[in-house]
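Written below as structure tokens is the structure these notes are about.
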Ligand SMILES: [Cu+2]
């Protein structure tokens, strides 16, 4: 015991420095990464001390002494050669199988996983849940106040279907120890099971979560940073997001809440969709250039198309819904008409946005041209009030 206690203290101290101790268990399926890392570390320490010690000792022992003849140097020693080949090989075999076992477990998605779409872009992350919504909460990190928060269920297999909108990015959750490239032209799967929230874990905190009109009190959560490990240019290093692990019940609640309360103004709905569905990554609302055209003061203005045709002022004057329809078509079938000077890069949102959300987007874009939005006359928003009333009733019951 006298021998092992100080050694363990050093071990724990190192775990603290290297990993913020205990975090290996953040992926509940346990990939054994910390253990393997520490094994390699201690093997390296052992051999470093052994070899440097021997070297130092022999340097001293066989130093040149006046009047003493030099030792003859052996050219070959079979027993020695075999020993220092076999022992390191055995150690490498252990490291290989240990690592391969963890690698396989990290690669294999568990059955019936919760699937979430993850998109990487210059310079940020977006997630789209099966409800069509993404993050609707942000936190501040350094100079950026738009770091999205992604909710995830504890102790549940999750499969992230990852793709990039532009260059190669690398999805990295330091607490989970693994990273995986995110490509522009194919999906890569990242699967994990976040560990259950443990009362004893000092990173587990509690807060009230509010979505539109509903508040859920005392939601327990643990945050993990998400970063991009593709440090090849510009701002990959600033791509951050938060993975917020909550209980399964809280996760289901979070996902199922209507994002707008009773009587929400359509412009607000549109603004929320603009952020939550990731339009903001390509479209500005202040006139500045982006991957897509800005939405600032564009409503009811003529639009030139790449094929030489246009949405003309005459058409707009003749049909008060011309721009509304153009927006609708641009969202559901973006390649139908390509705005001149832009690439056909917008993903289709067909099936991902509800009618209320489409109408909200139209109202929002309209409002950015300083036009009044007459809520009363936008059909579909009565339904929103009903939906909110229903969810209030459901919340009151549950
Ligand atoms: Cu990146």
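The values are calculated or read from the model by the stated rules, or taken from the named source; none is laboratory data. Fair warning: this is a prediction, and the values are worked out from it, not measured in the lab. A quick note on method: Cβ atoms are made from the backbone with ideal geometry, for glycine too, and the neighbour counts reach across all protein chains shown.
When restricted to residues that are loosely packed, with under 13 Cβ neighbours inside 10 Å and farther than 18 Å from residue 187 by Cα, the range 95-120 contains 6. Would you tally the residues in the range 138-170 being part of a strand (DSSP E or B), within 12 Å of residue 114 (Cα to Cα) and out of contact with any helix residue (DSSP H, G or I) (no Cβ under 6 Å at 6 or more places or on another chain)? Of the residues in the range 138-170, 6 are part of a strand (DSSP E or B), within 12 Å of residue 114 (Cα to Cα) and out of contact with any helix residue (DSSP H, G or I) (no Cβ under 6 Å at 6 or more places or on another chain). Scanning the range 141-167 for residues that are modelled with pLDDT of 85 or more, within 19 Å of residue 188 (Cα to Cα) and more than 14 Å from the chain's Cα centre (by Cα) returns 157, 167. Residues in the range 193-207 include none that are free of Cβ contacts under 8 Å to residues at least 60 places away in the same chain, touching a helix residue (DSSP H, G or I) at 6+ places or on another chain (Cβ under 8 Å) and either outside the structural domain of residue 136 (by TED's automatic domain parsing) or closer than 16 Å to residue 244 by Cβ (or both). With respect to the conditions (1) away from the ligand (no atom under 16 Å from the Cβ); (2) crowded, with 18+ Cβ neighbours inside 10 Å; (3) farther than 23 Å from residue 210 by Cβ, residue 152 lacks only one, and its number is (3).
Residue-level check: of (1) in contact with a helix residue (DSSP H, G or I) (Cβ under 6 Å, 6 or more places away or on another chain); (2) at pLDDT 85 or above; (3) surrounded by fewer than 15 Cβ atoms within 10 Å (Cβ to Cβ), residue 312 misses just (1).
Taking the criterion of being within 16 Å of the ligand (Cβ to nearest atom) and surrounded by fewer than 21 Cβ atoms within 10 Å (Cβ to Cβ), the residues of the range 234-254 that qualify are 234, 235, 236, 237, 238, 240. Inside the range 251-286, residues that are assigned to a helix (DSSP H, G or I) and within 24 Å of residue 121 (Cβ to Cβ) make up a count of 13.
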